[in-house]
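The values are calculated or read from the model by the stated rules, or taken from the named source; none is laboratory data. None of these values were measured; they are calculated from a predicted model. Because the Cβ atoms are built from the backbone with ideal geometry, glycine has one as well, and the counts that use them run over all protein chains shown.
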Amino acid sequence: MPEIRVTPLGAGQDVGRSCILVSIAGKNVMLDCGMHMGFNDDRRFPDFSYITQNGRLTDFLDCVIISHFHLDHCGALPYFSEMVGYDGPIYMTHPTQAICPILLEDYRKIAVDKKGEANFFTSQMIKDCMKKVVAVHLHQTVQVDDELEIKAYYAGHVLGAAMFQIKVGSESVVYTGDYNMTPDRHLGAAWIDKCRPNLLITESTYATTIRDSKRCRERDFLKKVHETVERGGKVLIPVFALGRAQELCILLETFWERMNLKVPIYFSTGLTEKANHYYKLFIPWTNQKIRKTFVQRNMFEFKHIKAFDRAFADNPGPMVVFATPGMLHAGQSLQIFRKWAGNEKNMGTVGHKILSGQRKLEMEGRQVLEVKMQVEYMSFSAHADAKGIMQLVGQAEPESVLLVHGEAKKMEFLKQKIEQELRVNCYMPANGETVTLPTSPSIPVGISLGLLKREMAQGLLPEAKKPRLLHGTLIMKDSNFRLVSSEQALKELGLAEHQLRFTCRVHLHDTRKEQETALRVYSHLKSVLKDHCVQHLPDGSVTVESVLLQAAAPSEDPGTKVLLVSWTYQDEELGSFLTSLLKKGLPQAPS
Amino acid sequence: MKLYCLSGHPTLPCNVLKFKSTTIMLDCGLDMTSTLNFLPLPLVQSPRLSNLPGWSLKDGNAFLDKTELIDLSTVDVILISNYHCMMALPYITEHTGFTGTVYATEPTVQIGRLLPSPLKDAVEVSTWRRCYTMQEVNSALSKIQLVGYSQKIELFGAVQVTPLSSGYALGSSNWIIQSHYEKVSYVSGSSLLTTHPQPMDQASLKNSDVLVLTGLTQIPTANPDGMVGEFCSNLALTVRNGGNVLVPCYPSGVIYDLLECLYQYIDSAGLSSVPLYFISPVANSSLEFSQIFAEWLCHNKQSKVYLPEPPFPHAELIQTNKLKHYPSIHGDFSNDFRQPCVVFTGHPSLRFGDVVHFMELWGKSSLNTVIFTEPDFSYLEALAPYQPLAMKCIYCPIDTRLNFIQVSKLLKEVQPLHVVCPEQYTQPPPAQSHRMDLMIDCQPPAMSYRRAEVLALPFKRRYEKIEIMPELADSLVPMEIKPGISLATVSAVLHTKDNKHLLQPPPRPAQPTSGKKRKRVSDDVPDCKVLKPLLSGSIPVEQFVQTLEKHGFSDIKVEDTAKGHIVLLQEAETLIQIEEDSTHIICDNDEMLRVRLRDLVLKFLQKF
């Protein structure tokens, strides 16, 4: 029985190190290859030994697909390809291919240079890994091999984020990666056609949330930033260099312009400036509005937002700083945080411990930092909420749904909702757990046009209410399957038809002459078989379609007539019906 | 399958393909060479131009009479191959009752809307026929659905169309139109040269039944690389002597390559201080758009975007102030204008646009040079109304489309069964009738078409895809007839929906209804449309007799006849004639007996 098997190596009832193995029609595909932010040990990468215990990665996997450039989706890629060893193709979109190596290098620097980790992947490994990447266009059907094809759809999560359809014959799986169903200030909404996959693997970050309107959150954000700078405070916004940062920049830029504000906005240097440049060059991946107006004004050329210099942090007076990384766990954002945290006038966002309400933090070197600044958590990350997920499921119309990239409890809720409201099976395997879905793919064959047209012409007749049977012969030669009419099959194989004919003797009591008996048979059949062609031939015989009836008088008994009913195997139903009908005798002769 | 040929212009094709109940228009180019029949539209009324004798409006409405062959409202889809081949689109989508979809790539649409056309750019002039308004152009463009290379687009479940990179311009495509058993390739405006676009996808054109070939180079004798060299040296010569260079051109396409050449050339030629001006209402848009279509560019340019840097060096020319662009000669340009200089502006026909002004301005001095690079118009005809001219005229047509040598190579490589092309390609050009190498050479010879012809394409469809439901497939019993060939008889219910065919298992025989209603005899009449399989094989008499005995028949006699045998079952008063290709069972009216005998016979035969 054919089946689809799915095993998450990461992101199974969890957020982080997304990595999902899919086996479909004998092909093995790995979806994403991410790292986990929450761990610094082995658990930060997916457990590839699940595959390697049985052999090499390259032998097992037909391809790897990366949905977008976030590290929890691609962070383990150099480790996977260069350290564990994978030489097959890795597919991702052009923007992902452009930005992914930069984030990997950044990640590597923090891990090795700042945290001093040994045995981490090197810059060269990132380069070698990226050489294995094949870039895909949106909606392009990429033929991985003769049977396996993949196709990218717009996901709207970050620049270049894509959902992927993986298809072999008539079986298919769609993997959403991370996606957003509502357009934001810089990206459009995710879209997929009614591709009816066997399985839809969807993220479920916001499985239980119906998020309030984006406008409200934006207004809230702007108000808080504005209030802080109005009272002379400094605002620190820790962000990841690419993605939300650009959306918030556009938001602040337009606000500053509208309110005619002069307070400086800074963007931490290096990576982020570069990031804006990527957005400028990949304009076709942004939303409709930006695409339409970019010639007049490229939204990613900011007037109010300047590059940040470390010295600026000590400047007096209000300012807004976007600094990386977003989790406030290292780098520039942490440095600035340490400087500003002591002043209650200031405002900052994010940071796990701070968010959980902790006000005293132990820093490296046992130094304790007291947090007096205001801390606000604002989520702008572009994931679909419960409504959006349901909407996407509705768009694609899958046979089953599988949830990844979310918390187990929330998944449970969404799973019920999907099963009840959409009446589709829903699964939520944990890491290392395999879900098996039996499939029943139909088998494509070639039907000869003559046979098909003959059948279709019959099907168009008004009286064809009963399902009509098509009869033909399937010729299987190697992997070439053709359905042809029986006559053609015989002809092609050089075989002669063997005719099987039956002749039954039906005894009738009738004293009249043979001709008259035949005539009686004729009128009887004519009255019963209204829809058939019943004929009385000049030689005295009667035909019903191609069944032949002849009356003869046996010499020994003049009171009995023998009716010879003769038909071929192909007319068996009719022949058999006629003999049993005649066995009952003829109706009383008209006087 | 038929091809309706609506355009006789080989580089501005317009054909309609009827294929499997779909009607597909391949390109809708508009022949604009007739603009040469008009007088130039000067900036200010010029007494000289308006007094020229003999320059009358010849057939001003030469285009737009495409409807005589086919009702254009029946067209289901229009496939656009590049931005030069869509100029008649508003006419078809807005004036013919067309209700279908247009497919084109994003660069084709974005650049196509920038391209000038006398139809929209000169509408206010009464002597030019006004074809459509800006609203109509926008409405036409809104009917376009954007597609990407190698995207498979299903049309009504019957046909699949796919655009492929053609290597000629940003977003330019060839198209595959195919069903499961037939494949038509439509090649239009392709290039094998390495310029800025993504390279041509040749491999996907393989195994075509028919390849429709249009859009070859218009200047088969000119080598584009040589022409670029000549362009640069003539430009340098003129500027060094203090003259100005005028380049009449389209605002997109070859200009990107020319700017790139100049970017490399001007420093080495010591011309870095000479200003380059690009004047067009869409100059800015064209330059900006070229930088954002990284995914449609050749590999070299793509990898620049990864750095991230703009793919075209004209960004740097603009940054360093070497290249300046203006929407028109009015405004800023008149203040910045310094001579000697190089001006890129349109229209290449010299009939409208700012180029008319520069021809008037610079034509009188022999220091200046006009360099023609666009191959679409005869430069002599273009210049005619400006004669006598003192300025130098250089003709460096740069046409990167396929030449005949490349076509031969391509056809050998992709091996289509039949080639269809405009008749111009099947004979040498009229001006060079001895050049037998300037025509298509393939086997079998190409089928040629001319305008207003209908070609029946030479292939017959014989198979169609059908899906067998898994339940039905499981019930089939394959039988090996010859080594490697197996057969299975199929009796199934045919379902057809949206041009997709599906075979389902036959319904189970209905249970006899136990109603009180008395059954009428005619209810039992069998449906004679139920087909029984054909039989094949032969029956070995001895084995047959053994089988009969095994099944309880006794008293069997066998007689030889001329053609076979007669098996007599005396007890049952039954006679079975067995010959090589036939068996005849003659018995009493005993259905049980007959069925038993039938089944025994069938054991020796194969069903088809």
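Scan region A:430-449 for residues that are more than 7 Å from chain B (Cβ to nearest Cβ) and polar (S, T, N, Q) and jot them down.
Result: A:Asn431, A:Thr434, A:Thr436, A:Thr439.
Name the residues in region A:149-167 that are within 14 Å of another protein chain (Cβ to nearest Cβ) and either over 18 Å from B:Glu106 (Cβ atoms) or hydrophobic (A, V, I, L, M, F, W, C) (or both), would you?
A:Glu149, A:Ile150, A:Ala152, A:Leu159, A:Ala162, A:Gln165, A:Lys167
Could you tell me whether region B:230-251 includes any residue that is farther than 28 Å from B:Val356 by Cα and acidic (Asp, Glu)?
no
Which of (1) under 29 Å from B:Pro199 (Cα atoms); (2) touching a residue at least 24 places away in the same chain (Cβ under 8 Å); (3) surrounded by fewer than 19 Cβ atoms within 10 Å (Cβ to Cβ); (4) of a type in the set (D, E, K, R) does B:Arg338 not meet, given it meets every other one?
Only one criterion in (1) under 29 Å from B:Pro199 (Cα atoms); (2) touching a residue at least 24 places away in the same chain (Cβ under 8 Å); (3) surrounded by fewer than 19 Cβ atoms within 10 Å (Cβ to Cβ); (4) of a type in the set (D, E, K, R) is unmet by B:Arg338, namely (1).
Please specify each residue of region B:228-263 satisfying the condition of being more than 15 Å from B:Pro397 (Cβ to Cβ) and part of a loop (DSSP other than H, G, I, E, B).
B:Asn241, B:Gly242, B:Gly243, B:Asn244, B:Pro251, B:Ser252
Report, by residue number, each residue of region B:176-197 that is farther than 15 Å from B:Asn207 by Cβ and hydrophobic (A, V, I, L, M, F, W, C).
Across region B:176-197, the qualifying residues are B:Leu192, B:Leu193.
Do you know which of the residues in region A:49-59 that are assigned to a helix (DSSP H, G or I) and out of contact with any Leu (no Cβ under 9 Å at 6 or more places or on another chain) is farthest from A:Phe80 (Cα to Cα)?
Restricting attention to region A:49-59, the residues satisfying the condition of being assigned to a helix (DSSP H, G or I) are A:49-52, A:57-59.
Now drop any that are not out of contact with any Leu (no Cβ under 9 Å at 6 or more places or on another chain), which leaves A:49, A:52, A:57-59.
Values: A:Ser49: 11, A:Thr52: 11, A:Leu57: 9, A:Thr58: 11, A:Asp59: 14 Å.
Step by step, filter region A:49-59, then rank; the result is A:Asp59.
Could you count how many residues in region A:391-434 are touching a Leu at 6+ places or on another chain (Cβ under 8 Å), among the acidic types (Asp, Glu) and either free of Cβ contacts under 8 Å to residues at least 12 places away in the same chain or closer than 21 Å to A:Asn180 by Cα (or both)?
The qualifying residues number 0.
Filter region B:291-306 for residues that are in a helix (DSSP H, G or I), out of contact with any Leu (no Cβ under 7 Å at 6 or more places or on another chain) and more than 7 Å from chain A (Cβ to nearest Cβ) and give the result.
Pass one, region B:291-306, residues in a helix (DSSP H, G or I): B:291-292, B:294-296, B:299-305.
From what's left, out of contact with any Leu (no Cβ under 7 Å at 6 or more places or on another chain): B:295, B:299-304.
Listed by number, the residues that qualify are B:His299, B:Asn300, B:Lys301, B:Gln302, B:Ser303, B:Lys304.
Here are some conditions: (1) outside any strand (DSSP E or B); (2) away from chain A (no Cβ under 14 Å); (3) surrounded by 17 or more Cβ atoms within 10 Å (Cβ to Cβ); (4) of a type in the set (D, E, K, R). B:Glu288 meets all but one. Which one does it not meet?
Unmet for B:Glu288, out of (1) outside any strand (DSSP E or B); (2) away from chain A (no Cβ under 14 Å); (3) surrounded by 17 or more Cβ atoms within 10 Å (Cβ to Cβ); (4) of a type in the set (D, E, K, R): (2).
Restricting to region A:190-202, count the residues that are farther than 20 Å from A:Val136 by Cβ and either more than 9 Å from the chain's Cα centre (by Cα) or surrounded by fewer than 24 Cβ atoms within 10 Å (Cβ to Cβ) (or both).
3
For B:Tyr149, indicate whether it is more than 15 Å from B:Ile177 (Cβ to Cβ), out of contact with any helix residue (DSSP H, G or I) (no Cβ under 7 Å at 6 or more places or on another chain) and at pLDDT below 95.
No.
Is it the case that some residue within region A:507-519 is at the interface with another protein chain (Cβ under 8 Å from one of its Cβ atoms) and either surrounded by fewer than 18 Cβ atoms within 10 Å (Cβ to Cβ) or in contact with a strand residue (DSSP E or B) (Cβ under 7 Å, 6 or more places away or on another chain) (or both)? So that I can check it myself, show each step before the final result.
Going through region A:507-519, the residues at the interface with another protein chain (Cβ under 8 Å from one of its Cβ atoms) turn out to be A:507.
In the following step, the residues that additionally are either surrounded by fewer than 18 Cβ atoms within 10 Å (Cβ to Cβ) or in contact with a strand residue (DSSP E or B) (Cβ under 7 Å, 6 or more places away or on another chain) (or both) were identified as A:507.
Yes, region A:507-519 contains a residue that is at the interface with another protein chain (Cβ under 8 Å from one of its Cβ atoms) and either surrounded by fewer than 18 Cβ atoms within 10 Å (Cβ to Cβ) or in contact with a strand residue (DSSP E or B) (Cβ under 7 Å, 6 or more places away or on another chain) (or both).
Which is out of contact with any helix residue (DSSP H, G or I) (no Cβ under 6 Å at 6 or more places or on another chain), surrounded by fewer than 18 Cβ atoms within 10 Å (Cβ to Cβ) and modelled with pLDDT of 95 or more, of B:Pro281, B:Pro199? Can you show your working first?
Values: B:Pro281 fails: modelled with pLDDT of 95 or more.
The unique qualifying residue is B:Pro199.
Suppose we filter region A:122-144 for residues that are touching a strand residue (DSSP E or B) at 6+ places or on another chain (Cβ under 8 Å) and either in a helix (DSSP H, G or I) or aliphatic (A, V, I, L, M) (or both); how many remain?
Result for region A:122-144: 8.
Within region B:367-390, take every residue that is in contact with a Lys or Arg (Cβ under 9 Å, 6 or more places away or on another chain) and without any contact (Cβ under 8 Å) to a residue 60 or more places away in the chain and give me the one that is farthest from B:Leu115 (Cα to Cα).
B:Ala390
Answer yes or no: is there a residue in region A:301-311 that is within 14 Å of chain B (Cβ to nearest Cβ), over 30 Å from A:Gly38 (Cα atoms) and either at pLDDT 85 or above or in contact with a Lys or Arg (Cβ under 9 Å, 6 or more places away or on another chain) (or both).
The answer is yes; a qualifying residue exists.
Sort out which residues of region B:88-102 are of a type outside the set (Val, Ile, Thr) and either over 19 Å from B:Ser7 (Cβ atoms) or surrounded by fewer than 24 Cβ atoms within 10 Å (Cβ to Cβ) (or both), and write them in order of number.
Result: B:Tyr91, B:Glu94, B:His95, B:Gly97, B:Phe98, B:Gly100.
State which residue is surrounded by the fewest Cβ atoms within 10 Å (Cβ to Cβ) when the search covers only region B:150-174 and only residues that are small (Gly, Ala, Ser) and farther than 20 Å from B:Thr214 by Cβ.
Top of the filtered list is B:Gly157.
Identify all residues within region A:338-359 that are at pLDDT below 70 and part of a strand (DSSP E or B); write none if there are none.
Selection gives A:Gly348, A:Thr349.
Where residues in region B:311-329 are part of a loop (DSSP other than H, G, I, E, B) and over 31 Å from the mean Cα position of the chain (by Cα), which of them is nearest to A:Lys127 (Cα to Cα)?
Among those that are part of a loop (DSSP other than H, G, I, E, B) and over 31 Å from the mean Cα position of the chain (by Cα), it is B:Pro313.
Go through (1) within 14 Å of chain B (Cβ to nearest Cβ); (2) buried (at least 20 other Cβ atoms within 10 Å of the Cβ); (3) over 26 Å from B:Leu164 (Cβ atoms) one by one and return the number of the condition A:Phe121 breaks.
Only one criterion in (1) within 14 Å of chain B (Cβ to nearest Cβ); (2) buried (at least 20 other Cβ atoms within 10 Å of the Cβ); (3) over 26 Å from B:Leu164 (Cβ atoms) is unmet by A:Phe121, namely (1).
Please go through region A:559-581 and give me each residue that is under 60 Å from the mean Cα position of the chain (by Cα) and in a strand (DSSP E or B), ordered by number.
A:Trp567, A:Thr568
Quick one: what pairs do we get from region A:125-148, first residue within 12 Å of chain B (Cβ to nearest Cβ), second charged (D, E, K, R) and surrounded by 14 or more Cβ atoms within 10 Å (Cβ to Cβ), C-beta under 6 Å, 6+ apart or different chains?
Listed pairs, sorted by first residue: A:His137/B:Glu295; A:Thr141/A:Glu149; A:Thr141/A:Lys151; A:Thr141/B:Lys152; A:Gln143/A:Glu149.
Only strands (runs of 3 or more DSSP E) wholly contained in region B:433-482 count here; list those with 2 or more residues that are charged (D, E, K, R).
Strands (runs of 3 or more DSSP E) meeting the threshold: B:463-468, B:479-482.
Using the structure shown, decide if B:Leu472 is crowded, with 17+ Cβ neighbours inside 10 Å and more than 9 Å from chain A (Cβ to nearest Cβ).
Taking the combined requirement at face value, the residue does not satisfy it.
Any chance you could count how many residues in region B:580-597 are surrounded by fewer than 17 Cβ atoms within 10 Å (Cβ to Cβ), within 9 Å of another protein chain (Cβ to nearest Cβ) and under 21 Å from A:Phe577 (Cβ atoms)?
3
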